[in-house]
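The numbers here are math on the coordinates, done by the rules we state, and not lab data. For clarity, every value in this text was computed on a predicted model and none was experimentally measured. Here Cβ is always computed from backbone atoms with ideal geometry, including for glycine, and neighbour counts include all displayed protein chains.
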Amino acid sequence: MPGIVCAIRGGASSLPTIQKAIDLAKETGQQIHFLYVVNLDFLVATGRSRTHTIAHEMREMGEFILLKTQITAEREGVKAQGVVREGQVRKEIIEFSKEIEADYIVLGFPRGEGREDVFDHERLDEFSRQIESETGAKAVFPEE
């Protein structure tokens with residue numbers, strides 16, 4: 001079931017990425033697979049039971065974000081589904097893209113909102129080359 005993978009974090013900074021995926025789906029007629037990755041690496045020093053609780057809450061938040069995103073896509077006539085994965089962002093995007101044999105992977109640009117981003121522009125360029133090499137999918141970005 002090839003299609004478009006759109007990795008999102010949620011919030012206003014994801015809106016251009018979501019719209020790019022919707023526009024691409026309209027152009028190609030493909031389904032969008034919105035992907036939200038729960039990464040708990042920042043909780044290394046936290047107790048195990050607390051980590052489980054936080055993971056559960058982040059998964060629920062991801063499901064809510066994905067539901068809202070699916071509704072947005074479907075209102076524009078695009079078929080979409082949402083998937084929450086847990087793990088390292090890079091690895092999960094690549095693995096999921098391989099699983100569905102994605103043709104495109106839509107990634108957002110870091111917005112520099114006063115916090116450390118998962119990817120700066122240099123790392124994002126490197127990651128997009130890695131994606132294309134490992135999955136055969138084309139990495140796509142919204143216009144800045």
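Descriptive notes on the structure:
- Counting neighbouring Cβ atoms within 10 Å and putting the fewest first, the residues Asp103, Asp41 line up as Asp41, Asp103.
- Stretch gain in nm, segment Arg123-Ile71, where the contour uses 0.36 nm per residue and the Cα spacing is subtracted: 15.6 nm
- Other-chain or far-sequence residues with amide H under 5 Å of Lys138's (modelled H): Tyr104, Ile105
- Neighbourhood net charge (14 Å Cβ-Cβ; Lys/Arg +1, Asp/Glu -1) for Glu76: +2
- Note, ³J(HN,Hα) from phi for the range 122-135, Karplus 6.51, -1.76, 1.60, rounded to Hz, x at Gly and Pro: 5, 5, 5, 4, 4, 5, 5, 5, 4, 4, 4, 5, 7, 10
- Acute angle (nearest 10 degrees) that the helix 15-28 long axis makes with the longest principal axis of the chain, alpha-carbon atoms: 40 degrees
- Each helix, a run of at least 4 DSSP H residues, gives -39500 (n - 2.57); summed and divided by the residues of the chain, these come to -16000 deg cm²/dmol at 222 nm.
- Using every pair of separate Cα atoms, the Kirkwood estimate puts the hydrodynamic radius of the chain at 15.5 angstrom.
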